[in-house]
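Reviewing the structure listed below.
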Ligand SMILES: [Zn+2]
């Protein structure tokens, strides 16, 4: 009897520790009703999760951004963590379906809620080093210029995305930051992290994976979706420059922060560039002719973009932000 009990106790302690080698047994995150949509870059050990095209809501469970991971012989590099701890946990589970190799680095494209709340799952259940650009600290520390005023955004999401974002959800800071460029060599691959901001946010970076020629572009590229630009830190002038830099990298496959990944990188880049340019041209006409914003906005022809996801949520704010940016630029020099 004693031996049986002892054996049973041994089995009970042994099983969880075996499981723990791959994944902890009981995640503390609210389960999702809809699974992630995971795809593979053809012929490469590179996988990505495709978010829904709209803005975060209970219907899409906050799954609106893209993220991905690269498996090398010496470990895994992840790019972005998705918009809730539950989504981060699902991404982690998907990695564990493919490989048992250590998750070495978690690279964050920029500090905005739809890309970072999933970091909590990686922080609590892996030893990955989290890397972001220097200005990611603005998100928490500088309340005047923070990308989206972190505290207010978290409260909003705790309501809008409950139970997946809740009182236990916290913003995880990076372990390492860099200014302009950083290179990681791992398992025969080179990961070039390139600062491309301040464009969509203060801390935008992109990650080029060589020799695969795959670019994780973050929110600099948003294919077939109206990007969010209505934030203090947006600079469309710098954003257009960053898009030119993306073109010069000549990626063979591009994974944008939102929208469809593509082997036709030039077309994916052109969507975001043409949209920004169109809003700029329209608002520039208003600013130079002293037309007030509402009149200019109502008179503009938005038919080309109205059909794309997030138009209703983002377009008017984007136009207003660009109107202010162009107005301010008239007072410089
Ligand atoms: Zn985003």
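The values are calculated or read from the model by the stated rules, or taken from the named source; none is laboratory data. Not measured: the values here are computed from a predicted model. Please note: Cβ atoms are built from the backbone with ideal geometry, for glycine as well, and neighbour counts cover all protein chains shown.
Details
- Residue that is farthest from residue 322 (Cα to Cα), among those in the stretch 209-228 that are more than 12 Å from the ligand (Cβ to nearest atom) and not in a loop (DSSP other than H, G, I, E, B): 210
- Residue within the stretch 229-238 that is out of contact with any helix residue (DSSP H, G or I) (no Cβ under 7 Å at 6 or more places or on another chain), within 15 Å of the ligand (Cβ to nearest atom) and more than 22 Å from residue 323 (Cα to Cα) present: no
- Listed by position, the strands (runs of 3 or more DSSP E) inside the stretch 163-208 whose residues that are crowded, with 16+ Cβ neighbours inside 10 Å and in contact with a strand residue (DSSP E or B) (Cβ under 8 Å, 6 or more places away or on another chain) number at least 3 are 181-186, 189-195.
- Flag for residue 242 being free of Cβ contacts under 8 Å to residues at least 60 places away in the same chain and within 16 Å of the ligand (Cβ to nearest atom): yes
- Annotation note: of 250, 281, the sole residue that is surrounded by fewer than 18 Cβ atoms within 10 Å (Cβ to Cβ) and at pLDDT below 95 is 250.
- Filter result (in contact with a helix residue (DSSP H, G or I) (Cβ under 7 Å, 6 or more places away or on another chain) and within 16 Å of the ligand (Cβ to nearest atom)) within the stretch 258-275: 272
- Checking every residue in the stretch 238-245 against the condition of being in a loop (DSSP other than H, G, I, E, B) and surrounded by fewer than 18 Cβ atoms within 10 Å (Cβ to Cβ) gives zero matches.
- Subset tally (residues that are surrounded by 21 or more Cβ atoms within 10 Å (Cβ to Cβ) and more than 16 Å from the ligand (Cβ to nearest atom)) for the stretch 104-122: 5
- Of the residues examined, residue 282 is not one that is touching a helix residue (DSSP H, G or I) at 6+ places or on another chain (Cβ under 8 Å), within 15 Å of residue 200 (Cβ to Cβ) and assigned to a helix (DSSP H, G or I).
- Counting residues in the stretch 271-293 that are in contact (Cβ under 8 Å) with a residue 40 or more places away in the chain and touching a strand residue (DSSP E or B) at 6+ places or on another chain (Cβ under 7 Å) gives one or more.
- Pairs, first within 16 Å of residue 206 (Cβ to Cβ) in the stretch 102-126, second within 11 Å of the ligand (Cβ to nearest atom) and assigned to a helix (DSSP H, G or I), C-beta under 6 Å, six or more apart: 109/115
- Residue count, the stretch 261-278 (criterion: surrounded by fewer than 17 Cβ atoms within 10 Å (Cβ to Cβ) and more than 24 Å from residue 300 (Cβ to Cβ)): 4
- Taking strands (runs of 3 or more DSSP E) as the structural unit, those lying wholly within the stretch 24-91 and holding at least 2 residues that are surrounded by 19 or more Cβ atoms within 10 Å (Cβ to Cβ) and in contact (Cβ under 8 Å) with a residue 12 or more places away in the chain correspond to 46-49, 67-72, 75-79.
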